[in-house]
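The values are calculated or read from the model by the stated rules, or taken from the named source; none is laboratory data. Here the structure is a predicted model, which means the values were calculated and not measured. When we count neighbours, we look across all protein chains shown, and the Cβ atoms used for this are built from the backbone with ideal geometry, even at glycine. Surface areas here come from the heavy atoms of the whole protein model, side chains and all, with no ligands, DNA or RNA. Shrake-Rupley method; radii C 1.70, N 1.55, O 1.52, S 1.80 Å.
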Amino acid sequence: MNIATPTQPHVLIVDDEPDICELLELTLGRMNIETRAAANLTQARELLAQHRFDLCLTDMKLPDGNGVELVEHITQHYPKTPVAMITAHGNMEWAIKALKAGAFDFVSKPVDLTILRNLVNTALKVSESHPRLDRRSRDELLGDSKLMQQTRSTIAKVARSQAPIYISGESGTGKELVAKLIHNKGPRANQSFIPVNCGAIPDELMESEFFGHKKGSFTGAVADKEGLFAAADGGTLFLDEVADLPLHMQVKLLRAIQEKAIRPVGAAKEVSVDVRILSATHKNLGKLVEENKFRQDLYYRINVIQLTVPALRERADDIPQLAEHTLGKLARQMDIDKPTLAPDALTTLSHYHFPGNVRELENILERAMTLCDGDTIRQRDLHLPKPPTDNNFIPPMPGPLDSGQIHLESHLDDIEKTAILQALEQTKYNKTAAAKLLGLSFRALRYRLKKLGLE
């Protein structure tokens, strides 16, 4: 046991192997951390009752039980104390059980000291003795409905852990915002948050994008390149639309997560990385596993804790608050006074189905602000799509896009830009006359000029 000073953190080590205990005590002692050791569950419980600890490191197999029991005991009786599991190499089943039981993180034997030190430093940031992070998210994830209160509560809990989180929910519900909040409310808040859309990376570039490459490792590799894992080292990697990963990449991703190490393309050896993994998709990942389109082992590894973001129609009571917030944000962007939402418009929005969720609400209000006359948005300004009268109607699916086709939004922006420029030239850059020529209000034209960079 090390001699403590008032400012030293305190760590409990639970392991019946003297060599492991000695290695951990020496390593933590060099980090100016006091340690106490227990050889079994009974001794560990006694020490926990007598002393305050900032972290507990426990072996999986103990003479009178297993580490998961200790994780559950600490989670129940000492919830402010993070606990990490030491597992046998390759025994991911027990590591995942520990994480589901509330463990902060895990480290595999033989213990990699770099990984251990990273784990300890991160854990100490969430311990009770350190300044507490502000884990409130009411001002960032809006809504006072019961569903949103539960969501914010879950975010605050999982932010303390390093367990992988799988964020599910429909498109437009705000899954990336939830991931960013988990990062910002946790011990990695001062490090990088790297979001990546897995469906936007070509298959042939995926390994290089994730793990980096060495100069000369393939044609076109003219210099060393840092991958996404290295860019997120010490922070969080958010894998958006993780269901779009091809199977060959799922294998490599699973290894990187389990070994906490990556091998850049063309490199001779692996490099340790300290990254928390958050993932999301709007697809049914469980169904894709059943269809053998997503690896079951990777699914269990990234889905240690699942957080479902509710659809907007499930929390319709939040629509007035979201609408007011969105109108205020848009008004600031346009540098105009915030318009009023008329009662008929608010009632219509509150009864709308919102297949595109919060993102669709924002788009509807943005369009309404540019089309309304005066400072009031009425029902007619919303231009909501009408539902089909035939209940059996299924909208036709668009055909597959060729890689050479242009992006629709960019194409529409170009058309709009051309029309506005022609109107301005025709009216000798009189904006009021140009707006009339285009059939727009002056405010609508002003907004479009700003949006398209034509001011």
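One decimal place: the segment Asn363-Arg380 gains 4.6 nm when fully extended, by the rule 0.36 nm per residue minus the C-alpha distance. Does the range 141-184 come out rounded, prolate or oblate by the C-alpha gyration tensor, with a ≥ b ≥ c the root eigenvalues, rounded set by a/c under 1.5 and, if not, prolate when a/b is larger than b/c and oblate if not? In terms of gyration-tensor shape, oblate.
Distance from the alpha carbon centroid of the range 441-455 to that of the range 319-372 works out to 18 angstrom. Taken over the C-alpha atoms, the chain has Rg and Dmax values of 26.9, 88 angstrom. Put simply, the Cα atoms of the range 248-376 extend 66, 34, 21 Å along their principal axes, the longest span coming first.
Taking all protein chains as they are arranged and a probe of 1.4 Å, the heavy atoms of His282 leave approximately 90 Å² accessible to solvent. Computed with a 1.4 Å probe over protein heavy atoms only, the accessible surface of the range 1-103 comes to 47 Å² per residue.
A 1.4 Å probe run over the protein chains yields, for the range 221-363, 46 Å² of accessible area per residue, whole-number rounding.
Taking only the Cα atoms of the range 412-455, the ratio Rg/Rh comes out at 0.91, with Rh defined as the Kirkwood radius. Taking label positions 7 Å along the Cα-Cβ direction at both Glu72 and Leu113, the computed distance is 3.6 nm, reported to one decimal.
In this structure, the amide hydrogen of Thr340, modeled 1.01 Å from its nitrogen in the peptide plane, lies closer than 5 angstrom to those of Thr376, Ile377, counting only residues at least 5 positions away or on a different chain.
Between Lys61 and Ala200, what FRET efficiency comes out of the Förster formula 1/(1 + (r/R0)^6) with R0 = 30 Å and r the beta carbon distance, rounded to 0.05?
E(calc), rounded to 0.05, equals 0.10.
Relative to the dominant Cα principal axis of the chain, helix 41-50 is inclined by about 70°.
Does the range 195-269 come out rounded, prolate or oblate by the C-alpha gyration tensor, with a ≥ b ≥ c the root eigenvalues, rounded set by a/c under 1.5 and, if not, prolate when a/b is larger than b/c and oblate if not? The shape class here is prolate. For the range 238-277, backbone nitrogen atoms closer than 16 Å to the point 7 Å from Ala221 Cα along Cα-to-C-beta are found at 262-271.
Considering only C-alpha atoms, what is the centroid distance from the range 75-89 to the range 165-219, in Å? The range 75-89 and the range 165-219 have Cα centres spaced 27 Å from each other. The phi torsions of the range 146-156, fed into the Karplus equation with coefficients 6.51, -1.76 and 1.60 and a -60° offset, translate into couplings of 4, 4, 6, 4, 5, 4, 5, 5, 5, 4, 4 Hz, rounded to whole numbers, with Gly and Pro shown as x.
Computed from label points 7 Å out along Cα-Cβ, the spacing between Ser272 and Ala331 is 5.4 nm.
Across the accessible surface of the chain, with the other protein chains kept in place and a 1.4 Å probe, carbon and sulfur atoms take up 50 percent. Remark: the Cα gyration tensor places the range 94-209 in the oblate category, a/c being 1.5 or greater and a/b not exceeding b/c.
For the pair Glu290 and Glu324, label points projected 7 Å from Cα toward Cβ lie 4.3 nm apart. With a Förster radius of 45 Å applied to the beta-carbon distance between Thr348 and Arg30, the computed FRET efficiency rounds to 0.10.
When the GluC sites (Glu not before Pro) in the range 251-322 are filtered for DSSP coil states and for at most 11 other beta-carbon atoms within 10 Å of their beta-carbon, the remaining sites are Glu291. Taking 0.36 nm per residue of separation and subtracting the Cα-Cα distance, full extension of the segment from Leu452 to His248 would add 69.4 nm.
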